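Please read the structure below before turning to the comments.
We did not get these values from a lab; they are worked out from the coordinates using the rules stated. Predicted, not measured: the structure shown is a model, and the values here were computed from it. Heads up, the Cβs are rebuilt from the backbone with ideal geometry, glycines too, and the neighbour counts pull from every protein chain shown.
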Amino acid sequence: RDSWAEPYKIKMVELLKMTTAEQRKKALQEAGFNTFLLKSEDVYIDLLTDSGTNAMSDIQWSGMMLGDEAYAGSKNYYHLEDAVKDVYGYKYLVPTHQGRGAENILSQIMIKAGDIVPGNMYFTTTRLHQELAGGVFHDVIIDEAHDSESDFPFKGNVDLNKVEKLVQEYGAEKIAYICVAVTVNLAGGQPVSMENLKAVRKYTEEKGIKVMLDMTRIAENAYFIQQKEEGFRLKTIAEIVKEICSYTDGATFSGKKDALVNIGGFLALNDYDIFEEARNMVVVYEGLHTYGGLAGRDMEAMSIGIYESVQEEHMKARIGQVFYLGDKMREFGVPIVTPIGGHGIFVDAKQFLPHVSQDDFPAQTLAAEIYLDAGIRTMERGIVSAGRNSKGENYHPKLELVRFTIPRRVYTQAHMDVIAESTARVYERRNQIKGLKMIYEPKYLRFFQARFEKH
Ligand code: F0G
C-alpha cells in the first residue's frame, strides 16, 4: 500500500498521563468494569470513540473566532446551510446539537405507533428513538455483516429480499421509511456499495417508501466505494458523497465524526413538508431553527469540517491509519473483524475469549482487560450495547466486539504500535481471563452506565 503519512503537522499538543498497573486496577474497580465510567484522566490512549474526539484544523479554530452568537439568523447558520447544499446536495437544513437530536425529531415526525422501520443493522441511539416513537425495528442488513470472518467488501449492504418480506407481511404503507447507515458502525464500520444504494432507491421508489440516510460517516463510506467498487476509481470522494445522498430523501448527521468537530449535527431533507414540521419541532427540543442547540462558532467549525472531510489526502490518511493498526494486530494473531472498516478496529471477543459465554459479557470483559494492560480505553459493542427489546428480553447479537475507535488527526503511528502491542500481550494471557456479571442495569442505553463485577 502506498503511503498514508499524516497530511498535517502538529501545532499544539495535549500532554498524556501515564498510569501504573496499580492505579489502573483501582480506577477500573471504581468504574464498575465499564470503560464509559473511567475518568478521562486515568486513560493513556483513548479509543472509546471517534465521536467528538477529533482534532480541529487551524482553519476550523479560526472559524471558532467568527461565531455570530445571535439568537436568530446567525450567519454561521447560513454557512452551514451552504455547506450542506454544496457538499451533500440536500435542500433543507435543521441544525441539532448532535446526531441523536436529529434522530429524535425525524422519528417523531415519520413514525406512527406500530410502524415498521427496517435498517441495515441498528445503531443504539437511532433504534431507541425509533422505538420510543412507537416503531418496530427490523434488521435488513445482508447476512455477511453478522459474520466477523466474511471478507465480502460491502458488508453494510441492505438485503432487499429482507425488505420485500416485510413489505409482503405488513404492506408498504406500514413502513415508516428505510434507515440506511453509511458506514455501518456496529458491523465494524462496514461500507454500503453504490450499486446497493441505487437498488434500494429503485425498489423504494416503486413501493412509495422513503429512504432516510444516517450519513454520520459518509465520507469514509465514499472512500471505500472509490477504492473497491468498480467504476469509481477515478471519481473524487466529494463526487461519491454527493451521489450517495442523491439516492435518499433526507438524512440525520452527527458532525462529531466525519465533520471533524467536537459537537454538532443536523437533519437534512429534500421534502418541504417534513422540513416544515422538523423546523417546528426543533424549537421544542434543541433551540431555534437557526442554531438547534449549537453556538454560532460550532456551526462555523462544522461547515469548514464538512469540506475538510471530503479531501482525498485526509481520508486516505484517516483510513490508512486504521488499516495500519489492523494489519499489525493481525500479525500478532489477534482476531479482528474483516475487512477492516472505516473508523476503528473491531476485535472479535467471541474468538478472543471462547471460554467466556455471551451471558458473561466477553466484550465487556475484554475491554476491561485491555484497559488494565496499558491504559488504553476501548468500548464494548456486544450484548451489553444491544440492550433489551420492548418486551424486556435481552437481544443476543451475533457479533460480540470490542471497538478500538480511532479519533481523527489525534494519535500518531507510534501510538498505533503501542495499541497493537498491548492487545497482543492480553491475547497471550487470554486463557486466564474470566467473565463478568452485571450488578447495575439502567433502563435506557444501559452500556453507558451499567456496572459489573468479576465472577
Ligand atoms: N449514528 C451513528 C452511526 C453513530 O455512530 C452515532 C454515534 C449516532 C448516529 C449518534 O450521533 O452521538 O452525535 O448523537 N456514535 C457514537 C459512537 C456515539 O461512539 O459510535 P450522536
- request: Taking the Cα centre of the chain as origin, sum charge times position over the Cβ atoms of Lys and Arg (+1) and Asp and Glu (-1), and report the length of that vector in debye to the nearest 20.
  value: 880 debye
- prompt: For region 335-402, what is the per residue volume of the convex hull drawn over the alpha-carbon atoms, in cubic angstrom?
  reply: 100 Å³
query: Along the positive direction of the dipole of region 111-257 (beta-carbon charges: Lys, Arg +1; Asp, Glu -1; about the Cα centre), which of Ile178, Phe253, Gly114 reaches farthest?
result: Phe253
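What do you get for trypsin sites (Lys or Arg not before Pro) in region 164-246 restricted to DSSP loop and a cutoff of at most 10 other Cβ within 10 Å of the site's Cβ?
Here the sparse-neighbourhood loop sites are Arg233.
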query: How large is Rg over Rh for region 360-455, taking Rg from the Cα atoms and Rh as the Kirkwood inverse mean of 1/r across Cα pairs?
result: 1.01
task: Calculate the radius of gyration of the Cα atoms of region 165-237 to one decimal place, then report Dmax, the largest Cα-Cα distance, as a whole number, both in Å.
output: 13.9, 42
- prompt: Between Glu331 and Met65, 0.36 nm times their residue separation minus their Cα-Cα distance comes to what?
  reply: 91.2 nm
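What range in the chain is the longest one free of chymotrypsin sites (Phe, Trp or Tyr not before Pro) that are in a loop by DSSP and have at most 16 other Cβ atoms within 10 angstrom?
72-331
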- request: Output ³J(HN,Hα) for region 119-131: one whole-Hz value per residue in order, computed from phi by the Karplus curve 6.51 cos²θ - 1.76 cosθ + 1.60 with θ = phi - 60°, and x for Gly and Pro.
  value: x, 7, 6, 9, 10, 3, 5, 4, 5, 4, 5, 4, 5
statement: What helix-only [θ] at 222 nm does the chain give? Using -39500 (n - 2.57) per DSSP H run of at least 4, over all residues, to the nearest 500, the answer is -12000 deg cm²/dmol
task: Express in whole angstrom the spacing between the alpha-carbon centres of region 101-119 and region 297-365.
output: 28 Å
- request: Find the relative contact order for the chain and round it to a whole percent, using C-alpha pairs within less than 8 Å whose residues are 6+ positions apart.
  value: 24 percent
query: For region 334-394, which trypsin sites (Lys or Arg not before Pro) are both in a DSSP coil and crowded by at most 15 other Cβ atoms within 10 Å?
result: Lys391
- prompt: In percent, how large is the relative contact order of region 224-296, given Cα pairs closer than 8 Å and 6 or more residues apart?
  reply: 17 percent
message: Give the residue list of trypsin sites (Lys or Arg not before Pro) in region 58-131 that are DSSP loop and have at most 15 other beta-carbon atoms within 10 angstrom.
response: Lys91, Lys112
statement: Of the convex hull drawn through the C-alpha atoms of the chain, the volume per residue in Å³ is 137 Å³
message: Testing the spin-label approximation: label points 7 Å from Cα along Cα→Cβ at Glu149 and Lys9. State their distance in nm.
response: 4.8 nm
Amide hydrogen neighbours beyond the local backbone of Ile336, cut-off 5 Å, H modeled: Asp348
- prompt: Within the set Lys112/Lys165; Lys198/Lys242; Lys162/Lys198; Lys316/Lys398; Lys165/Lys198, which residue pairs have Cα atoms separated by over 23 Å?
  reply: Lys316/Lys398
- request: Please pull out the direction-averaged projected area of region 195-330, using the convex hull of its alpha-carbon atoms, in nm² to one decimal place.
  value: 10.1 nm²
